[in-house]
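Since the structure comes first, as structure tokens, the remarks are kept for the end.
The values are calculated or read from the model by the stated rules, or taken from the named source; none is laboratory data. Predicted model, so just to flag it, every value in this text is computed and none were measured. Positions of Cβ are backbone-derived with ideal geometry, glycine not excepted, and every protein chain shown enters the neighbour counts.
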Amino acid sequence: MRAETLKGHLDGLILAVLETEPAHGYAIIERLKQRSGGALALPEGTVYPALHRLEAAGLLSSSWSDGSRRRRVYRLTRSGRRELAGRRGEWKAFANVMEAVLA
Amino acid sequence: MSYRDELGRELARAGIGGRLRRRIVAEISDHLSCDPNADLGPAQDLARRFADELGTVRARRAAYAGFAALAVAGSLVVAVFAATGQAQIALPKVHAPSQLLFDLGMALTALGGQIAMAAGVLAALRALRRRDAQVVARDEAIVMRRRTAVALLAGLVCMSGVALIASEANHAVGWWRTFGLASSAAGACAIVAALIPLSSALEVLPIAGGPRGDMFDDFGWLTPPPLRGRPWIVALLLSGGIVVILAAAGIVQGDPYDGALRGVLDGLACVAGFALLGSYLGLRPTRA
């Protein structure tokens, strides 16, 4: 899938893969690849600035992990969960409309 | 030079330093240790992306936080002045130990309050208007930061004015003086708390180019088409409106001379404020 197609959806995708459990940057990118069956091959350089931006917007929080390797682990905040629910609703409405028109 | 070193250098060139730069470099280093062949793109592009996205969201957040803090502080000031009736105080006619300090307090409260309200509303308006933008132009972010900073500074001036009034009005009932001092302290605390997101916004600035926008971009829909692009005419009309409203209020309150005087002073202050801060705060279409 082309990066251009994903434009505008990256934030929602990141929030979605963090819904179940916290993760560090590399794991987030891997989850995106896995959950899309490899179709979402994002330019990796776009993910980290987006993580910082979402954190600054209060949708994610982060902390250094305590493990042997020092990693920044991101998790959804309450606002992030609300935002994700909103984006899901918008996406479903949009997908239904597109399906109705294109099918 | 390793990618890590190059990124550190490019982040510094993009204006990102200190703890934030160390954190970004640590995260990217961790990513590269997981996948040494990761395609993160040129270090310069990555650094610019960080600056653009973080600079945008932080400037916007600072504007919102500043507006919220000023709303709290403003409500407290209104409450203090509204309580003068119950406390049987007839401001500004109060016998103070130092009439000069009392008058200074009144002037600081009026001037600081009005500048804080105007700049704070403008900052929040710009942040709200650009709420969906992932990246705003560098000059736009500068305008948002300036408006927030001026609003918070003026808010602190206003709070110090309220404290001065309360401390000098020693003929007033005790509870009102306590209320005034406590309110000014609480308002100042709220404003100081909003300095934290502002300082965070000052750490990083977008690099993206683009127009900084002016007052017509911010609330052009409120401006009749013949006035668009004519900021001075708008400022003069606004000042004239203030004169008329305050003069009318004076007539209603049975003191037309006082109302007219306050109207003229406020109108002149509005024009002076526009002349001094109009360009700095991005109201007039000149360079940031």
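Annotations
- Residue that is surrounded by the fewest Cβ atoms within 10 Å (Cβ to Cβ), among those in the stretch B:77-95 that are at pLDDT below 80 and within 14 Å of residue B:161 (Cα to Cα): B:92
- Every condition in (1) modelled with pLDDT of 90 or more; (2) surrounded by 14 or more Cβ atoms within 10 Å (Cβ to Cβ); (3) facing chain A (nearest Cβ under 9 Å) holds for residue B:33 except the one numbered (2).
- Residues satisfying the stated conditions in the stretch A:64-78, i.e. within 11 Å of chain B (Cβ to nearest Cβ) and either at pLDDT 90 or above or within 18 Å of residue B:19 (Cα to Cα) (or both): A:64, A:65, A:70, A:71, A:72, A:73, A:74
- For the residues B:242, B:233, B:207, B:251, the requirement of being in the same structural domain as residue B:149 (by TED's automatic domain parsing) and among the β-branched types (Val, Ile, Thr) singles out B:207.
- The listed residue being hydrophobic (A, V, I, L, M, F, W, C) and either free of Cβ contacts under 8 Å to residues at least 40 places away in the same chain or within 14 Å of another protein chain (Cβ to nearest Cβ) (or both), out of A:84, A:59: A:59
- All conditions in (1) crowded, with 22+ Cβ neighbours inside 10 Å; (2) free of Cβ contacts under 8 Å to residues at least 12 places away in the same chain hold for residue B:144, with the sole exception of (2).
- Residue B:75 facing another protein chain (nearest Cβ under 9 Å) and not charged (D, E, K, R): no
- Any hit, the stretch B:192-208, residues being within 25 Å of residue B:139 (Cα to Cα) and of a type in the set (S, T, N, Q): yes
- Candidates in the stretch B:113-146 are the residues that are part of a helix (DSSP H, G or I) and of a type in the set (Lys, Arg); of these, the one that is farthest from residue B:206 (Cα to Cα) is B:129.
- Taking the criterion of being without any contact (Cβ under 8 Å) to a residue 12 or more places away in the chain and either more than 9 Å from chain A (Cβ to nearest Cβ) or of a type in the set (Gly, Ala, Ser) (or both), the only residue of the stretch B:40-64 that qualifies is B:41.
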